[in-house]
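Here the structure comes first, spelled out in structure tokens, and everything after it is commentary.
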Amino acid sequence: MEAQADTEVVITNTNRDIIKTSSPIDSATQFILEKENFSHAEGGHILQSDWKKEKYIATVSPFNDGKGNQGYVYMLKSTDHIQAFITHLNRHFLLAIVLILLFLFITIIFLLKVLTKPLVSMKEATKKISNGDFSVTVPIKSNDEIGELSKSIQSLANDLNYLKKERNEFLASISHELRTPLTYIKGYADIGRRKTLSETERMKYLYIIHEESERVYLLLQELFDLAKMDQNMFTIQTERVNLKQFISSIYEKARLVFHNQEKELLFMCTSEPIVDIDPRRFEQVILNLLDNALKYSPEKSITLIEVQSMNNEILIKLQDEGNGIPSEDLPHIFNRLYRVDKSRSRLTGGFGLGLAIVKEIVEAHNADIIVESKVGEGTCFIIRLKEISDENRTIS
Ligand SMILES: Nc1ncnc2c1ncn2[C@@H]1O[C@H](COP(=O)(O)OP(=O)(O)OP(=O)(O)O)[C@@H](O)[C@H]1O
Ligand SMILES: [Mg+2]
């Protein structure tokens, strides 16, 4: 039994004299056999159970074979195996801890790299942007929050870049627009000062100077208007207005101008729509659109102003039979200083500011303006305004 169970057995008589033993008695076994803190009557007893410190764990059980032989059976189990096993386990634990720590360390380094690298590149990008270099690219394409942030930074940089380009182009165009009439004014003023000049010639030059200074004044006026709109200093004072009466008074004034240039202007309005508009500003809108129809239409052409009521909305349509706007230019014509004909012809030459002002004023009225155009057939601008309902139609 003891050979199978890997256990040492010592049998003693009641005086603890050894009768039989499964292996030679060593000092640790001797020490156990000398323990006397039990008695025969008690039955089984654990003598040693501390497997960490002792060489054996040991029990003792009294026996009585019924033939008068009494004694004790000592069972001793060596703790070497357990201790070796525990040492073995400890070594494994240690190895596991070292491996886990190593794994954690590598993971932390990796995560730090993955997380901080994009942040560092974004920090560099924003630093460049704040130094005025808007041509940055933030190379992060992930779909998480960091990706979203990098996309925002990229679109901010793109917008700023676009604005910078626009501002430079705008300033270049303005200085060009100012330089041209000023060159004329200076040139004709120089010629006009000559003493030998006849009175008619002098008047002719003075007329040109007057025309050109008028042009500069107009440009500055339009730029000033736009600057006010940009700074939100531009306010509209709306009044309740009968649109039919309002447009027909503009129509009466403009009709003559069209007539003088062999062009025709018509007005059609079958209802009496009431709207809230700033009359002075809205007149500027209609006049700017009519000015374009006049400038970009040939002789004998007809321009029609039509007012329609539709689902609580008023549509003001200005349809001309002019040269039309190419489809690639259509998305840009409301931009400042944008002209389809880039050559600044002094005959048809506007500044490209009229429609930008129109759009700003229309939008300040919470309305919108769209354009439809076909080259060679004509252009139609449509303003969509909210109509005042029947019960609120009292005009102030
Ligand atoms: N009715 C139209 N027919 C054809 N082209 C047009 C018409 N209205 C506008 N355009 C084109 O759109 C451009 C922008 O118009 P916008 O009124 O802003 O500027 P402009 O008439 O050139 O100058 P400004 O109005 O400042 O005197 C014009 O230069 C012209 O090429
Ligand atoms: Mg214009």
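From the gyration tensor of the Cα coordinates in the range 2-78, what semi-axes in whole Å does the equivalent ellipsoid have, largest first, with each one equal to sqrt(5λ)?
The equivalent ellipsoid of the range 2-78 has semi-axes of 20, 14, 11 Å.
Is the shape of the range 1-139 rounded, prolate or oblate, going by the alpha carbon gyration tensor and its root eigenvalues a ≥ b ≥ c, with a/c under 1.5 for rounded and a/b larger than b/c for prolate?
prolate
Given springs between every Cα pair under 10 Å in a Gaussian network model of the chain, which of GLY44, GLY147, GLY352 has the largest fluctuation?
The residue with the greatest mean-square fluctuation here is GLY44.
If the elastic network links every pair of Cα atoms under 10 Å, which of ILE146, ILE236, ILE106 fluctuates the most in the Gaussian network model of the chain?
In this elastic network of the chain, the residue with the biggest mean-square fluctuation among ILE146, ILE236, ILE106 is ILE106.
Treating each Cα of the range 287-335 as an identical point scatterer and ignoring solvent, apply the Debye formula and state log10 I(q)/I(0) at q = 0.16, 0.19 Å⁻¹.
Rounded to two decimals, the profile gives -0.57, -0.75.
Which whole-number percent is the relative contact order of the range 239-392 (Cα, under 8 Å, 6+ apart)?
About 25 percent, as a whole number.
Calculate how steeply helix 145-192 sits against the longest principal axis of the alpha-carbon atoms of the chain, using the helix alpha-carbon long axis, and give the answer as 0 to 90 degrees to the nearest 10.
Long axis of 145-192 versus the principal axis of the chain: about 20 degrees.
Two decimals, Cα atoms only, Kirkwood Rh: what is Rg/Rh over the range 80-233?
1.57
Run the numbers for LYS195 and ASN13: contour at 0.36 nm per residue of separation, minus the present Cα-Cα distance, in nm.
Gain on extension, LYS195 to ASN13, equals 49.8 nm.
Within the range 19-67, report the GluC sites (Glu not before Pro) that DSSP leaves as loop and that have at most 14 other Cβ atoms within 10 Å.
Taking the range 19-67 and a limit of 14 other Cβ atoms within 10 Å, the loop GluC sites (Glu not before Pro) found are GLU34, GLU36.
Taking springs between alpha-carbon atoms closer than 10 angstrom, which of GLY322, GLY43, GLY192 fluctuates most in the Gaussian network model of the chain?
The residue with the greatest mean-square fluctuation here is GLY43.
Just to confirm the number: angle between the C-alpha axis of helix 279-295 and the first principal axis of the chain, 0 to 90 degrees, nearest 10?
Rounded to the nearest ten degrees, it is 70.
Give the dimensionless ratio obtained when the Cα radius of gyration of the range 62-156 is divided by 2.2 N^0.38 Å.
After normalising by residue count via 2.2 N^0.38 Å, the value is 2.72.
Would you mind finding the longest exposed-site-free stretch of the chain, with exposed trypsin sites (Lys or Arg not before Pro) meaning DSSP loop and at most 12 other Cβ atoms within 10 Å?
My reading of the result: 196-299 is the longest stretch.
Given GLN70, SER23, ILE82, which one lies farthest toward the positive end of the charge dipole of the range 1-112, if we put +1 on the Cβ of every Lys and Arg and -1 on the Cβ of every Asp and Glu?
Most positive-ward Cα: ILE82.
Using the Cα atoms of the range 239-392 to build a convex hull, what is its mean projected area in square nanometres? Numbers along the way, then the final one.
Working: hull surface 35.7 nm².
That works out to 8.9 nm², a quarter of the Cα hull's surface.
Within the range 247-302, report the GluC sites (Glu not before Pro) that DSSP leaves as loop and that have at most 13 other Cβ atoms within 10 Å.
In loop regions of the range 247-302 (DSSP not H, G, I, E or B), the sparsely surrounded GluC sites (Glu not before Pro) are GLU262, GLU299.
Quick one: work out the % antiparallel among DSSP beta bridges in the chain, nearest 5.
On the way: 46 of 52 bridges.
The antiparallel proportion sits near 90 percent.
Can you give the Rg to Rh ratio of the chain, both from alpha-carbon atoms, with Rh computed by the Kirkwood formula? Intermediate results must be reported in sequence, preceding the final value.
Values: Rg = 51.1 Å, Rh = 31.2 Å.
My calculation of the ratio gives 1.64.
Please give the Cα centre distance for the range 88-147 versus the range 200-250, rounded to the nearest Å.
60
For the pair TYR217/ASP341, report the inter-label distance in nm, with labels modelled 7 Å from Cα in the Cβ direction.
Taking the two extended label points, one gets 2.5 nm.
By how many degrees, 0 to 90 and rounded to 10, does the Cα axis of helix 80-130 deviate from the longest principal axis of the chain?
10
Using only the C-alpha atoms of the range 188-237, find the volume of their convex hull and express it per residue in Å³. All intermediate terms of the calculation are to be shown ahead of the outcome.
On the way: hull volume 4.0 nm³, N = 50.
Normalising the Cα hull of the range 188-237 by residue number yields 81 Å³.
So how far apart, in nm, are the two label points at VAL73 and PHE103 if each is 7 Å from Cα heading toward Cβ?
Going from the VAL73 label point to the PHE103 one covers 4.8 nm.
Can you tell me, using C-alpha contacts under 8 Å and at least 6 residues apart, the relative contact order of the chain as a whole percent?
Numbers: 513 pairs, mean separation 37.8, N = 396.
Relative contact order for the chain comes out at 10 percent.
Quick note: the coordinates plus some simple rules give every number you see, no bench work behind them. All values derive from a computational prediction rather than experimental measurement. A quick note on method: Cβ atoms are made from the backbone with ideal geometry, for glycine too, and the neighbour counts reach across all protein chains shown.
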